[in-house]
Amino acid sequence: MVRVSFVHHDKVRFGDLDAMRHLNNVAFLQFFESARIEYITTLLPDHDPAHPEGDFGLIFAECQIAYRSPAFYGEELLTTVGPTALRRSSFRLRFRMDSGKDGRLLAEGWGVMVGYDYVAGKATPLPEKLTAALRAEGATEDDTSEAVVAE
């Protein structure tokens, strides 16, 4: 189990709904993306994810999401993010999305981020400042965790 203190707050917008009037499964990825980007820029405030050429780039290479409960229009979303596995060129982040209304688990999963050189157009090792920050947050070479839990 990975313990993290980072929680991203957001709300379900009307445009996020599907025909069944609950949060569209595709929209979960967008909320996870917002949480992930805020998390990384919180760890490294000088990093600009919109301009990776001058610093370092990341690509979202793989993900898994388990949908647990529907979310509805106007509902507050609390997305907890934390690192688990760390490799030379990649790392895994766990996500957990809970309802701010009643605390129920909405979705959980993980994503793999890969260091990427946008100028050369290829994968690259992660920069030391990022790996040091991820290690300080609990990332290890062994990913045996099952969940992300807010402290």
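Only the coordinates and a few stated rules stand behind these numbers; no lab work does. Fair warning: this is a prediction, and the values are worked out from it, not measured in the lab. Cβ placement follows ideal geometry from the backbone for every residue including glycine, while neighbour counts extend to all protein chains displayed.
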Original post:
Mind checking which of ARG104, ARG36, ARG94 has the largest fluctuation in a GNM of the chain, springs on alpha carbons under 10 Å?
Top reply: ARG104
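Taking 8 Å as the Cα distance limit and 6 or more residues as the minimum spacing, I'd like the relative contact order of the chain as a percentage. It would help to have the intermediate numbers written out before the result.
Numbers: 315 pairs, mean separation 47.7, N = 151.
Computed value for the chain: 32 percent relative contact order.
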**OP:** Working from Cα positions, state the angle (0 to 90°, nearest 10) between the long axis of helix 25-43 and the longest principal axis of the chain.
**Re:** 50 degrees
**OP:** Pull up all non-local amide H partners of ARG68: gap of 5 or more, or a different chain, and H-to-H distance under 5 Å with H placed in the peptide plane.
**Re:** ALA107, GLU108
Original post:
Which label marks the calculated value of Rg/Rh (Cα atoms, Kirkwood Rh), given the options [x] 0.94; [y] 0.98; [z] 1.10?
Top reply: [y]
**OP:** Excluding PHE56 itself, calculate the net charge of residues whose Cβ lies under 9 Å from the Cβ of PHE56, where each Lys or Arg counts +1 and each Asp or Glu counts -1.
**Re:** -1
**OP:** Quick one: P(r) of region 16-91 from all Cα-Cα pairs, 5 Å bins, percents rounded to integers, in order of increasing distance.
**Re:** 3, 11, 21, 23, 16, 12, 9, 4, 1
Original post:
What net charge do the residues around ASN24 carry, taking every other residue with its C-beta under 9 Å from that of ASN24, with Lys and Arg at +1 and Asp and Glu at -1?
Top reply: -2
Original post:
Just for the chain, what percent of DSSP beta bridges are antiparallel, to the closest 5?
Top reply: 90 percent
Original post:
For LYS11, which lysines qualify as cross-link partners when the Cα separation must be under 22 Å and same-chain residues fewer than eight apart are set aside?
Top reply: LYS101
